[in-house]
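A short write-up of the structure that comes next.
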Amino acid sequence: MDRIDTVDEYFQLVTKVNKWSAYLFWFSVLCSCLSFFTDKSPLLNTGINIIFIIVTVAYFILSNWMSLSLLREAQGKRRIHLLSNALGVKLDDEHTQLFYNNSQKESLVRLGVNVFENTLFTWKVTAEMAKTERVKLASYILFFILLTLINGININFISIIAQTVFTTGLIVNGIRLEILRSSCKQLFNEFRQVFLTNGTNSNKKVSATLLNLVFKYETTVASMGVHTSSKVFNRINSKISAEWEKIKLNLNL
């Protein structure tokens, strides 16, 4: 059977809006810098400031639409299908096939195994994303420090760079990504310990423990508001899928 995932369409829209939001952000930074360097040409400066205002408003609209609406809707759809797949109940008209890879019958144990798989993939994808983000953040901060060491540089220009680095979402987004990565790694190990100890045997204690971990994962993903990279996922998917199959074999899942 071919893999089908109609929910992915919602995340594709998030990816597109997120990309345009990033373009607008850096264009607004460029306009801000150009505005500083063209203050001696009133007409040009006015035109750049008008463009800067338009771009800033557009960035504000797109970024908040993405984080407050599109991403929440996509994550909500994925959550519905997580429950549908685990419990064998059709909760909406979307369709997924071969998205979750475990052979457990419909139950809370299957739900736990599904989220166990999710923690592995989210952990590995965010770990790859974090490598790039660390380099970016280090570069921004290093550039800012070097600017402050240059003699005679205008303090207003330094303030523009400082505002870009410290008062936008650059650092906060990096921190959220690191928290999500670390949390998913920890949850993965907790899931592994539960299944290592109990296997697929189910009782009230095991069910309660699995539900607690499921809620922790979903709460963490929702609260961090991080859109994981589909490009990174596609690049490492085969490697992590092989790792997941090995984990299932070792734990007899």
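Using C-alpha pairs below 8 Å separated by at least 6 residues, the relative contact order for the chain is 24 percent. Springs join every pair of Cα atoms under 10 Å in this Gaussian network model of the chain, and among Leu149, Leu82, Leu62 the largest mean-square fluctuation is at Leu149. Compute the label zone of Ile158 within region 28-55: residues whose backbone N is under 18 Å from the point 7 Å along Cα-to-Cβ. Those under the cut-off are 33, 36-37.
Among Leu177, Leu43, Leu210, the largest mean-square fluctuation in a Gaussian network model of the chain, built with springs joining Cα atoms closer than 10 Å, belongs to Leu43. The alpha carbon gyration tensor of region 1-99 gives principal lengths a ≥ b ≥ c with a/c of 1.5 or higher and a/b greater than b/c, which makes the shape prolate.
Can you compute the FRET efficiency between Ser41 and Ile150 using 1/(1 + (r/R0)^6), with r the Cβ-Cβ distance and R0 = 25 Å? Round to the nearest 0.05.
Working from the Cβ atoms, E equals 0.55.
Taking amide H atoms as placed 1.01 Å from N in the peptide plane, the amide H of Gly225 has no partner under 5 Å among residues 5 or more positions away or on other chains.
Please state the relative contact order of region 1-99 as a whole percent: Cα pairs under 8 Å, 6+ residues apart? Each step should come with its number before you reach the end.
On the way: 76 pairs, mean separation 49.6, N = 99.
That works out to 50 percent.
Towards the positive end of the charge dipole of the chain, with charges on Cβ (+1 Lys, Arg; -1 Asp, Glu), say which of Ile247, Ile179, Leu111 has the farthest Cα. Result: Ile247, furthest along the dipole toward the positive end. When only the Cβ of Lys, Arg, Asp and Glu is charged (+1, +1, -1, -1), the dipole of the chain relative to its Cα centre reaches about 580 debye.
Amide H to amide H distances under 5 Å link Asp5 with Gln97, where only residues 5 or more positions off or on other chains count and H is placed in the peptide plane. For the chain, what does -39500 (n - 2.57) per DSSP helix run (n ≥ 4), summed and divided by total residues, give at 222 nm, in deg cm²/dmol to the nearest 500? Estimated from H runs of four or more residues: -27500 deg cm²/dmol. Relative contact order of region 116-253, please, whole-number percent, based on alpha carbon pairs below 8 angstrom and at least 6 residues apart. That works out to 41 percent. Taken about its Cα centre, region 1-99 carries a charge dipole of about 260 debye when Lys and Arg each add +1 at the Cβ and Asp and Glu each add -1 at the Cβ.
Throughout, read-outs are computed from the coordinates displayed, never taken from laboratory work. Because the structure is predicted, anything quoted here is derived from the model rather than measured. Methodologically, a virtual Cβ is constructed for each residue, glycine included, from the backbone with ideal geometry; neighbour enumeration extends over all protein chains shown.
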